[in-house]
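The block underneath contains the structure these notes are about, expressed in structure tokens.
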Amino acid sequence: MTISTENIRVRIAPSPTGDPHVGTAYIGLINFLYARQHGGKFVLRIEDTDRARFVATSEQMIFDALRWLGIEWDEGPDVGGPFGPYRQSERAAIYREYVEKLLANDTAYRCFCTPEELEAVRRQQMAAKVPPRYPGTCRNLTNDQIQLKLFESTPCTIRMKVPVEGSTTFRDELRGEITFNHNNVDDQVLMKSDGFPTYHLANVVDDHLMQISDVIRAEEWISSTPKHVLLYQFFGWDAPRFWHMPLLRNQDKSKISKRKNPVSLVYYRQAGFLPEAMINFLGLMGGGMPAEINNASEKFTLQEMIEHFNIRNIRLGGPVFDLTKLRWLNGEYLRALTPEAFYAELRKSVLADEYLSAIAALVQTRIETLSEFGNLTGFFFSDNVLPSPEVFLPKKRMLEETLAFAGEQLTVLEAAEWNASAIEAALKQLGEQQGWSVKENFMLLRTILTGSQMSPPLLESMMIFGKARTLDRLRRFIDAQKKLAAQKK
RNA sequence: GUCCCCGUCGUCUAGCCCGGCCUAGGACACCGCCCUUUCACGGCGAUAACACGGGUUCAAAUCCCGUCGGGGACGCCA
């Protein structure tokens, strides 16, 4: 590759909005490999500009998950570096400074339209089957009009001024040239009315300031790339190279999502996947390993990937994230362990002291001999429990409404903060809304999670079992029941 | 709807860029057999794909065009 002599700098830019995502790990892996192969730097930047979706615990989970996989960054919020700060919320002044330049440039303008107005227009356009687009209301306000609005303290956003005529062409390193006509590029909001930048502005400014040479990101960004390229032009900067990786997919080929797949790295870790297996599996997605290795076993380490992986050989078709194959791979890695190492892995996860002692506390008053320990706690140790309808179906309920309610429980639990009182309150509220008694409500959840109507206290059990595994179990229960119902029809 | 991207076994892929070695290779899953007191593991085997149609060429999975199919984007989310 001809670029090896340059100063290669790449980055990933996850948003701390929840659990760390397998997609982040995938893109992180590719960036990491690329940096290592070219003697470059790999930067981790936290894009926390969306206050509404911000989750305080998320950032640390992202760090932990990436390190668990062996993906190490050279610069980032926790390790520092010469181009910090690496958290966008700490860079607010920088974005303000640069957006001023665009305003002065006449390549951006203030927009006083309200979210409600914009939403109404969008709906109209959708209904008329016209591409939804900003109507340009504020694009040509006079200076007086703007001063008046500002004087009145009308909240405003700042939008980029996309040229009316012409088109923007950029090069995708894997696909070649891609052209977008400007009438298909909307006047993107660059700065929100709360003063925070949007992704597009912050991303371009930071990538430039952090001297990023190659932007390696997911395919979903292709359609906003012309906006980014235009921004580089507005600023008078050189754009980096762009590489858009294929999107990981659900079984049905749609973009991978938590509704159809476990996507949380926390889940995979807690469910007992080894990082070596996970990273190997991610390396299989999209290919890129040479035939002699791929055809031999498909098994390789992170180090082997650094040595042999070639980003230019990535296949562009979106790979289905196939749990079955991941599980097989994980089994391979498990079997390859020495008995001692295997036992050590067990002690680190499902037989960890903290886990066992927490469970023990729940059953102490409920058993009469120690050997009964397993009777009440089996569900903590099995990968899944699938109760039959006799067990989970409340007496006066139909299967369909019960599954629908379980789906509601799932939604509530997804959104819930993971502590017993918050969960209890949220579930009770749901029950009241839907006309489910507390007893029906909690018994349903109990049977789904434990497989039995008799179990240790539900909420405490859920705390120990963990959010990721709880949600997964609920999801799998609903899926399995739906599949069964469909078979009967 | 509009724009953009993509298209090799059910799934992940090798081959594609640089046409012939492709009778399209490997892996997972599925099926069968062997091993085995059970279940796994392991071994062996079978089924299974170049989306379709046109070109270019002596020759196309590989290059070009079209059709169809799939996906993504269209937010004061990232």
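Things worth noting here:
- When A:Glu408 is tested against (1) touching a Phe, Trp or Tyr at 6+ places or on another chain (Cβ under 7 Å); (2) assigned to a helix (DSSP H, G or I), exactly one condition is not met: (1).
Every residue, every condition in (1) surrounded by 17 or more Cβ atoms within 10 Å (Cβ to Cβ); (2) closer than 27 Å to A:Pro115 by Cβ; (3) in contact with a Ser or Thr (Cβ under 7 Å, 6 or more places away or on another chain); (4) not assigned by TED's automatic domain parsing to the domain that holds A:Ile216, yes or no:
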{"residue": "A:Ile158", "(1), (2), (3), (4)": "yes, yes, no, no"}
{"residue": "A:Lys161", "(1), (2), (3), (4)": "yes, yes, yes, no"}
{"residue": "A:Ser167", "(1), (2), (3), (4)": "no, no, yes, no"}
{"residue": "A:Arg171", "(1), (2), (3), (4)": "no, no, no, no"}
{"residue": "A:Leu174", "(1), (2), (3), (4)": "yes, no, no, no"}
{"residue": "A:His182", "(1), (2), (3), (4)": "no, yes, yes, no"}
{"residue": "A:Asp187", "(1), (2), (3), (4)": "yes, yes, no, no"}
{"residue": "A:Leu190", "(1), (2), (3), (4)": "yes, yes, yes, no"}
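- One residue from A:Asp19, A:Asp50 being among the acidic types (Asp, Glu), within 15 Å of RNA strand B (Cβ to nearest atom) and crowded, with 19+ Cβ neighbours inside 10 Å: A:Asp19
- Meets criteria (at negative phi, in contact with a helix residue (DSSP H, G or I) (Cβ under 6 Å, 6 or more places away or on another chain), part of a helix (DSSP H, G or I) and not hydroxyl-bearing (Ser, Thr, Tyr)) for A:Leu329: yes
- Looking across A:Tyr98, A:Tyr26, one residue alone is within 24 Å of the chain's Cα centre (by Cα) and surrounded by 14 or more Cβ atoms within 10 Å (Cβ to Cβ). It is A:Tyr26.
Conditions (1) within 30 Å of A:Ala352 (Cα to Cα); (2) touching a residue at least 40 places away in the same chain (Cβ under 8 Å); (3) among the charged types (D, E, K, R), marked per residue:
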{"residue": "A:Ile367", "(1), (2), (3)": "yes, no, no"}
{"residue": "A:Glu372", "(1), (2), (3)": "yes, no, yes"}
{"residue": "A:Phe381", "(1), (2), (3)": "yes, no, no"}
{"residue": "A:Leu386", "(1), (2), (3)": "yes, yes, no"}
{"residue": "A:Arg397", "(1), (2), (3)": "no, yes, yes"}
{"residue": "A:Leu403", "(1), (2), (3)": "no, yes, no"}
{"residue": "A:Leu410", "(1), (2), (3)": "yes, yes, no"}
{"residue": "A:Asn419", "(1), (2), (3)": "yes, yes, no"}
{"residue": "A:Ala422", "(1), (2), (3)": "yes, no, no"}
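- Picking from residues in the stretch A:72-95 that are in a loop (DSSP other than H, G, I, E, B) and within 15 Å of RNA strand B (Cβ to nearest atom), the one that is surrounded by the most Cβ atoms within 10 Å (Cβ to Cβ) is A:Tyr86.
- The set of residues from the stretch A:263-276 being in contact with a Phe, Trp or Tyr (Cβ under 8 Å, 6 or more places away or on another chain) and buried (at least 22 other Cβ atoms within 10 Å of the Cβ) comprises just one member, A:Leu265.
- Test: residue in the stretch A:221-233 that is in contact with a His (Cβ under 9 Å, 6 or more places away or on another chain), over 30 Å from A:Ser257 (Cβ atoms), at pLDDT 95 or above and surrounded by fewer than 22 Cβ atoms within 10 Å (Cβ to Cβ): yes
- Criterion: of a type in the set (Gly, Ala, Ser), in contact (Cβ under 8 Å) with a residue 60 or more places away in the chain and more than 10 Å from RNA strand B (Cβ to nearest atom) - qualifying residue of A:Ser349, A:Ser357: A:Ser349
- Any hit, the stretch A:320-330, residues being surrounded by fewer than 16 Cβ atoms within 10 Å (Cβ to Cβ), aromatic (Phe, Trp, Tyr) and modelled with pLDDT of 95 or more: yes
- So A:Leu69, is it in the same structural domain as A:Phe300 (by TED's automatic domain parsing), at negative phi, aliphatic (A, V, I, L, M) and within 16 Å of RNA strand B (Cβ to nearest atom): no
- Among the residues of the stretch A:442-459, those identified as over 20 Å from A:Val266 (Cβ atoms), part of a helix (DSSP H, G or I) and either out of contact with any Leu (no Cβ under 7 Å at 6 or more places or on another chain) or in contact (Cβ under 8 Å) with a residue 24 or more places away in the chain (or both) are A:Met443, A:Leu444, A:Leu445, A:Thr447, A:Ile448, A:Thr450.
Residue-by-condition table, conditions (1) in contact with a Leu (Cβ under 7 Å, 6 or more places away or on another chain); (2) at pLDDT 95 or above; (3) within 9 Å of RNA strand B (Cβ to nearest atom):
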| position | (1), (2), (3) |
| --- | --- |
| A:Lys192 | no, no, yes |
| A:Phe196 | no, no, yes |
| A:Asp207 | no, yes, no |
| A:Ile212 | no, yes, no |
| A:Asp252 | no, no, yes |
| A:Lys260 | no, no, no |
| A:Gln270 | no, no, no |
| A:Leu282 | yes, yes, no |
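- Answer residue from the stretch A:120-151, given it is surrounded by fewer than 11 Cβ atoms within 10 Å (Cβ to Cβ) and within 9 Å of RNA strand B (Cβ to nearest atom) and is farthest from the chain's Cα centre (by Cα) among those: A:Ala128
- Complete set of residues in the stretch A:152-184 that are of a type in the set (Lys, Arg) and within 8 Å of RNA strand B (Cβ to nearest atom): A:Arg175
- Just one of the numbered conditions (1) away from RNA strand B (no atom under 16 Å from the Cβ); (2) in a helix (DSSP H, G or I) is not true of A:Pro387: (2).
- When residues of the stretch A:284-297 are limited to those that are among the small types (Gly, Ala, Ser) and surrounded by 14 or more Cβ atoms within 10 Å (Cβ to Cβ), the one farthest from RNA strand B (Cβ to nearest atom): A:Gly288
The values are calculated or read from the model by the stated rules, or taken from the named source; none is laboratory data. These figures come from a predicted structure and were not determined experimentally. Here the Cβ is made from the backbone with ideal geometry for all residues, glycine too, and neighbour counts use every protein chain on show.
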